[in-house]
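Engineer: Mind looking over this structure? Questions follow.
The values are calculated or read from the model by the stated rules, or taken from the named source; none is laboratory data. Everything quoted here is computed from the prediction, not taken from an experiment. Heads up, the Cβs are rebuilt from the backbone with ideal geometry, glycines too, and the neighbour counts pull from every protein chain shown.
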Amino acid sequence: MPVSLTNSRLIFDALKECDIRLVSALPETWLVHLIRLTDEDPEMILVRLAKEEEGVGISAGAHFAGLKSAMLMQNHGFLASINGIVSFAHLYRIPLLMLVSYRGSLGERDPWQTQGGNISEAILRALAIPYFCLDAPETVKKRIRQAQTLAESSLQPVALLLTRDLMWEE
Amino acid sequence: MLRIDCLRSVYSELENCLVVTIMGAVAAELHSLGHRPNFFYLQHAMGLASSTGLGLALCLPEQRVIVFDGDGSVLMNLGGLSTMARYRPKKLVHIVFDNESLLSVGGFPTATSTGTDLEGIARASGIPRVATVRSVENFKAAVTDAMHGNELTTIIAKVEAKGPAAYVTDLSLLENRFQFRRHIQSLKRS
């Protein structure tokens, strides 16, 4: 499976450098290494979810508790989380660092992913969620730090879209 | 059994806990008994009160966390029961007021009114301790027992579909949220 282990480790290391100590996740192909790395790290709390929206509540609890957290999800998981994002994270000013695998964009072979790819950025813009597409390994560390800084200072969700160029080697 | 009588019966026990409630009658009634800085009322995002309690309990494993949930909210996040059961924090107590109704929007019956069994769902999800109570006396005993125990517990409290006259309190959502977090940070410093 050509999911990039090198870049997954880069992302994971950047999260740790930002003092992220809790990660909620729902597995998808591009996230397998990231989830495994989190699971294997004794300093990290990994919360495997049944549905991504739960992660909004988990991250809110972590924020109240004073721990920094991140959410790992596919863009369809982001779509499944929207009510939680609007009626909890936005309503109550909860910082969320969302790492969202950007399926269904250029190069996508799975037909079932393509519709979500069409609308992910438009939905992020409609929700006024600041986002950035992570595609170059050399910028990963900086962008993750910047996204987390913005989430914490603005007390709102911020999304990083993990692109095919970053996550997939072929 | 009335929900407010249940809440009143355990109110004094809540002082040293972190309490998360759902929206609507549960929030309004707990608030009416006297707000405390360790109470957080999630006034929307149905289903996520239990997830918030789980996040708190995982990050603060020594802290007693109480979630006051409801049948309508639990039914919106049944997967959350499986996530709670998967990590089963020892000091999390999950109380579900089941009035078989979406009371605050006009009393429409939920599926628990037609036979859906939340105790069975919680147990089958893997929650280690589950009970259903139908009297205030049994409610108080079950909650007190769970609070002094060391195992994730879900208590289904069958209550009447009756609530307060109004749901809006004088506590703004953001004030509540900032006060709650500040309270937790002060506990960590002490």
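Engineer: Quick one: which strands (runs of 3 or more DSSP E) sit completely within region A:1-89 and have at least 3 residues that are more than 10 Å from every other protein chain (Cβ to nearest Cβ), crowded, with 18+ Cβ neighbours inside 10 Å and of a type in the set (A, V, I, L, M, F, W, C)?
Structural biologist: So the answer is A:20-25, A:68-74.
Engineer: Also: Can you name the number of the only condition in (1) assigned to a strand (DSSP E or B); (2) farther than 22 Å from A:Leu49 by Cβ that A:Leu160 fails?
Structural biologist: It is condition (2) that A:Leu160 fails.
Engineer: Give me a count of the residues in region A:110-129 that are assigned to a loop (DSSP other than H, G, I, E, B) and either among the polar types (S, T, N, Q) or surrounded by 14 or more Cβ atoms within 10 Å (Cβ to Cβ) (or both).
Structural biologist: 2
Engineer: Here is a further query. Just to be sure, is B:Ser172 within 13 Å of chain A (Cβ to nearest Cβ) and either surrounded by fewer than 17 Cβ atoms within 10 Å (Cβ to Cβ) or of a type in the set (Lys, Arg) (or both)?
Structural biologist: yes
Engineer: Another question, if that's okay. Given A:Met98, A:Met71, which one is under 18 Å from A:Gln146 (Cα atoms) and in contact with a Gly (Cβ under 6 Å, 6 or more places away or on another chain)?
Structural biologist: A:Met71
Engineer: For region B:80-118, how many residues are within 13 Å of chain A (Cβ to nearest Cβ), of a type outside the set (Lys, Arg) and assigned to a loop (DSSP other than H, G, I, E, B)?
Structural biologist: Matching residues across region B:80-118 total 1.
Engineer: Look at region B:1-24 and say how many of its residues are modelled with pLDDT of 95 or more and within 15 Å of B:Val96 (Cα to Cα).
Structural biologist: 13
Engineer: Can you find, within region B:28-45, the residue that is surrounded by the fewest Cβ atoms within 10 Å (Cβ to Cβ) among those that are closer than 18 Å to B:Pro164 by Cβ, within 13 Å of another protein chain (Cβ to nearest Cβ) and of a type in the set (A, V, I, L, M, F, W, C)?
Structural biologist: B:Phe39
Engineer: Looking for whichever is away from chain B (no Cβ under 14 Å), closer than 30 Å to B:Ala49 by Cα and touching a His at 6+ places or on another chain (Cβ under 9 Å) here; the options are A:Ala147, A:Ala128. Which one fits?
Structural biologist: Just one listed residue meets the conditions, A:Ala128.
Engineer: Among the numbered criteria (1) surrounded by 13 or more Cβ atoms within 10 Å (Cβ to Cβ); (2) under 30 Å from A:Ser154 (Cβ atoms), which one does B:Asp117 miss?
Structural biologist: (2)
Engineer: In addition: Would you be able to say whether some residue in region A:133-145 is among the aliphatic types (A, V, I, L, M), surrounded by 13 or more Cβ atoms within 10 Å (Cβ to Cβ), closer than 21 Å to A:Leu26 by Cα and within 13 Å of the chain's Cα centre (by Cα)?
Structural biologist: Yes; the residues of region A:133-145 include at least one that is among the aliphatic types (A, V, I, L, M), surrounded by 13 or more Cβ atoms within 10 Å (Cβ to Cβ), closer than 21 Å to A:Leu26 by Cα and within 13 Å of the chain's Cα centre (by Cα).
Engineer: Conditions first: (1) closer than 26 Å to A:Asp165 by Cβ; (2) in a helix (DSSP H, G or I); (3) free of Cβ contacts under 8 Å to residues at least 40 places away in the same chain; (4) not charged (D, E, K, R). A:Phe132 passes all but one, so which condition is the exception?
Structural biologist: Here A:Phe132 clears every test but (2).
Engineer: Can you tell me which condition A:Leu99 does not meet? The list is (1) assigned to a strand (DSSP E or B); (2) at the interface with chain B (Cβ under 9 Å from one of its Cβ atoms), and all the others hold.
Structural biologist: (2)
Engineer: Follow-up question, since we're still on this one. What number goes with the only condition from (1) touching a residue at least 24 places away in the same chain (Cβ under 8 Å); (2) more than 18 Å from B:Thr110 (Cβ to Cβ); (3) among the charged types (D, E, K, R); (4) surrounded by fewer than 17 Cβ atoms within 10 Å (Cβ to Cβ) that B:Lys140 does not pass?
Structural biologist: Just one mismatch for B:Lys140, condition (4).
One line per residue, one yes/no per condition, for (1) farther than 15 Å from A:Arg103 by Cα; (2) of a type in the set (Gly, Ala, Ser); (3) touching a helix residue (DSSP H, G or I) at 6+ places or on another chain (Cβ under 6 Å):
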| residue | (1), (2), (3) |
| --- | --- |
| A:Ile123 | no, no, no |
| A:Ala126 | yes, yes, no |
| A:Cys133 | no, no, no |
| A:Lys142 | yes, no, no |
| A:Gln146 | yes, no, no |
| A:Thr149 | yes, no, no |
| A:Pro157 | yes, no, yes |
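Engineer: Can you give me the number of residues within region B:3-37 that are free of Cβ contacts under 8 Å to residues at least 40 places away in the same chain and not hydroxyl-bearing (Ser, Thr, Tyr)?
Structural biologist: Total meeting the criteria: 6.
Engineer: Determine which member of the set B:Ala157, B:Ala142 is of a type in the set (Gly, Ala, Ser), closer than 28 Å to B:Pro37 by Cβ, assigned to a strand (DSSP E or B) and at pLDDT 95 or above.
Structural biologist: B:Ala157 is the lone residue from the list that is of a type in the set (Gly, Ala, Ser), closer than 28 Å to B:Pro37 by Cβ, assigned to a strand (DSSP E or B) and at pLDDT 95 or above.
Engineer: How about region B:13-27: which of its residues are polar (S, T, N, Q) and surrounded by 23 or more Cβ atoms within 10 Å (Cβ to Cβ)?
Structural biologist: Hit for region B:13-27 is B:Thr21, nothing else.
Engineer: Which residue, of B:Ser186, B:Ser125, is surrounded by fewer than 17 Cβ atoms within 10 Å (Cβ to Cβ) and on the phi < 0 side of the Ramachandran plot?
Structural biologist: The match here is B:Ser186.
Engineer: Still on this structure, please answer the following. Where the second residue is surrounded by fewer than 22 Cβ atoms within 10 Å (Cβ to Cβ) and modelled with pLDDT of 95 or more and the first is on the phi > 0 side of the Ramachandran plot and lies in region A:16-27, which pairs have Cβ atoms under 6 Å and are six or more apart or on separate chains?
Structural biologist: Once the first residue is on the phi > 0 side of the Ramachandran plot and sits in region A:16-27, its partners that are surrounded by fewer than 22 Cβ atoms within 10 Å (Cβ to Cβ) and modelled with pLDDT of 95 or more give A:Asp19/A:Lys68.
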